[in-house]
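The values are calculated or read from the model by the stated rules, or taken from the named source; none is laboratory data. Here the structure is a predicted model, which means the values were calculated and not measured. Glycine also receives a Cβ, built like all others from the backbone with ideal geometry; neighbour counts cover every protein chain displayed. Quick note on the areas: whole protein, heavy atoms, side chains included, nothing else; ligands and nucleic acids left out. Shrake-Rupley method; radii C 1.70, N 1.55, O 1.52, S 1.80 Å.
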Amino acid sequence: MANKTPITVAHGDGIGPEIMDATLHIIEAAGAQIEPETIEVGEKVYLRGISAGIEPSAWESLRRTKVFLKAPITTPQGGGYKSLNVTTRTTFGLYANVRPCVSYHPFVDTKHPIMDVVIIRENEEDTYTGIEYRQTNDMMESLKLISRPGSEKIIRYAFEYARANNRKKVTCFMKDNIMKITDGLFHKVFDEIAKEYPDIENESWIVDIGSAKLADTPEAFDVIVMPNLYGDILSDVAAQIAGSVGLAGSANIGEQCAMFEAIHGSAPRRAGQNLANPSGLLLAAVMLLVHIDQPDVATRVHNAWLRTIEDGIHTYDIFEEGISKQKVGTKEFAEAVIARLGQEPQTLKAVHYVSAPKQETKEQVERTRVESKKELVGVDVFLDWSEHDTEKLASILQKANGDGLELKLITNRGARVWPNGLSETFTTDHWRSRFLGEGLVNHAQITALLQRISESGLDFIKIENLYNFDGQAGYSSVSGA
Ligand code: NAD
């Protein structure tokens, strides 16, 4: 017999223990070669005063097994509790969130009978790094960070996933008509990597119209890869319109570790009554089995599950008179799936898994790094100033000109207000002044400029150095300037 793969398992709260028992029962009956190690997470741990919801000792199991099957947990009411998902994701570098959104027409009610979309969301970057500031009385800032290696990892993962799962097309959603540098990089990396996969069709959509199309005609999409924020929103939209929120699982994949869970919560009102539908967690466990390279077991479980759904054996949440045949509880549903192991669906499409996508190692990612020639050419100095007379601000700032640096531009919330501003432009207390050098600039010139600005009585709140990379501006231009 093959060696068993240790996996870390958390039974969670509410309906968690029941759906976890059902899931483990099914996959073990299907021949999964696993050795579950149980850890405690969630409500009880939070209420013991551990703000991360997980005992420090539980990390040891996760670091060793590197595979986590997690049932939903209840986050206690009130502040001060950290999201266990965010902690796990950041601690283990789980950069890819994978969420298949499938409709099971005509067996489960759906608005979109032919939907079979996988959303692959970047999980570590974008506005989710949590780097935020209050800069003035009126202005808050959140940093959006998109890196080349981060984009390469997630986009390559999407293409590898498509190839391994016999998917035909990968679509990129982003908004590079507005965020030309950050989303522009994501789009550029997508185009570069797409060339390495000539067997897979590729296309890009601006996220707004792409989302409208996804909500209206999901059958036009196959795999969709996107940065964190769009992915967070659209993976929920896609699961909801498929009609299968209670049936969907998701995977969080990292270079070393991976976490698998249902997308729904702990449904406390349904707990302990043998009512809950274990399908979301079971389909997450199917992804886990593919990940630990047991694709045959994954295929057997998934097809038996499809057949059970097709046979109309449904838990209360998807039961519908006229469509469903038998209303069952959690345990009976699990037994029905086990009874169908070895069978395939007759109307729904059967699945056939192959080995998991190969993981990019750090070395591979770093090898693609191209060093650009970086030259400092100026500085944007941000100011907190509560007056609204732009000409007055310009004249104070112009007095700080000198030593090779000159004021070229002032904007407020990105809109040019000097030179040649319009009095109609609304201004806040958050200003950006742009100083450019005659040629290259050094740090000493910038610190001397800041000193002069400070002496003029203005409050500078942050600076952004302006660099050219290989002679091209590495900062956004301002229209009309
Ligand atoms: P929920 O997903 O638990 O429940 C929403 C609705 O769906 C309820 O009517 C519930 O009865 C039903 N439902 C959900 N899963 C079901 C299943 N498997 N079978 C049958 N019916 C099911 O969302 P909620 O009520 O907003 O949240 C409850 C708790 O879960 C909260 O404490 C929340 O913080 C937590 N939560 C945890 C996770 C997680 O651990 N990943 C995710 C979401 C919510």
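In terms of Cα to Cα distance under 19 Å, which aspartates and glutamates are near enough to LYS462, apart from those fewer than 8 places away along the same chain? Candidates past the 8-residue exclusion: GLU132, ASP138, GLU141, ASP380, ASP384, GLU387, GLU406, ASP429.
Taking segment 136-162 and a reference point 7 angstrom along Cα→Cβ of GLU192, the backbone N atoms nearer than 17 Å belong to 146-160.
If R0 is 22 Å, the Cβ-Cβ spacing of GLU35 and ARG63 corresponds to a FRET efficiency of close to 0.85. Report the charge-dipole magnitude of segment 111-242 in Debye, nearest 20, computed about the Cα centre from +1 at each Lys and Arg Cβ and -1 at each Asp and Glu Cβ. The calculation lands at about 160 debye.
Helical content alone sets the calculated 222 nm signal of the chain at -10000 deg cm²/dmol, taking -39,500 (n - 2.57) per DSSP H segment of four or more residues and averaging over every residue. Rounded to the nearest Å, what's the spacing between the alpha carbon centres of segment 90-154 and segment 8-37? Just the number, please. Here the two parts' Cα centres lie 27 Å apart. Rounded to the nearest 20, the Cβ-based charge dipole of segment 246-349 about its Cα centre (Lys and Arg +1, Asp and Glu -1) stands at 240 debye. A straight Cα-to-Cα reach below 17 Å connects LYS82 with the lysines LYS44, LYS70, residues fewer than 8 places away in its own chain not being considered. Between 0 and 90 degrees, the angle of helix 443-455 with respect to the longest Cα principal axis of the chain falls at about 70 degrees. Distance between the C-alpha centres of segment 388-454 and segment 232-254: 46 Å, rounded to the whole angstrom. For the chain, the convex hull drawn through the C-alpha positions has a volume of 181 cubic angstrom per residue. Here's the picture: charge each Lys and Arg Cβ at +1 and each Asp and Glu Cβ at -1 in the chain, and of TYR316, PRO295, ALA276 the one pushed furthest to the positive end of that dipole is PRO295.
In the context of the full set of protein chains, residues of segment 2-68 present 42 Å² of accessible surface per residue (probe radius 1.4 Å, heavy atoms only).
Taking GLU219, GLU261 and ordering them by how much accessible surface each has at a 1.4 Å probe, largest first, produces GLU219, GLU261. Axis of helix 182-194 versus longest Cα principal axis of the chain: the two differ by about 50°, to the nearest ten degrees. Rounded to the nearest 10 degrees, the inclination of helix 16-29 to the longest alpha-carbon principal axis of the chain is 60 degrees. Only protein heavy atoms count here; under a 1.4 Å probe, SER454 has an accessible surface of about 60 Å². Calculate the FRET efficiency for GLU141 and ASP199 from the Cβ-Cβ distance with a Förster distance of 35 Å, rounded to the nearest 0.05. So the FRET efficiency works out to roughly 0.20.
Each Cα pair under 8 Å and six or more residues apart adds its sequence gap; the mean of these over the residue count of segment 78-130 is a relative contact order of 36 percent. Note that segment 111-242 presents 44 Å² accessible area per residue, ligands and nucleic acids not counted, probe 1.4 Å. Take every Cα pair under 8 Å whose residues are at least 6 apart in sequence, average their separation, divide by the length of the chain, and the relative contact order is 16 percent. Straight-line cross-link reach from LYS169 at under 20 Å between alpha-carbon atoms covers these lysines, not counting any fewer than eight positions away in the same chain: LYS153, LYS188, LYS195, LYS213, LYS349, LYS358.
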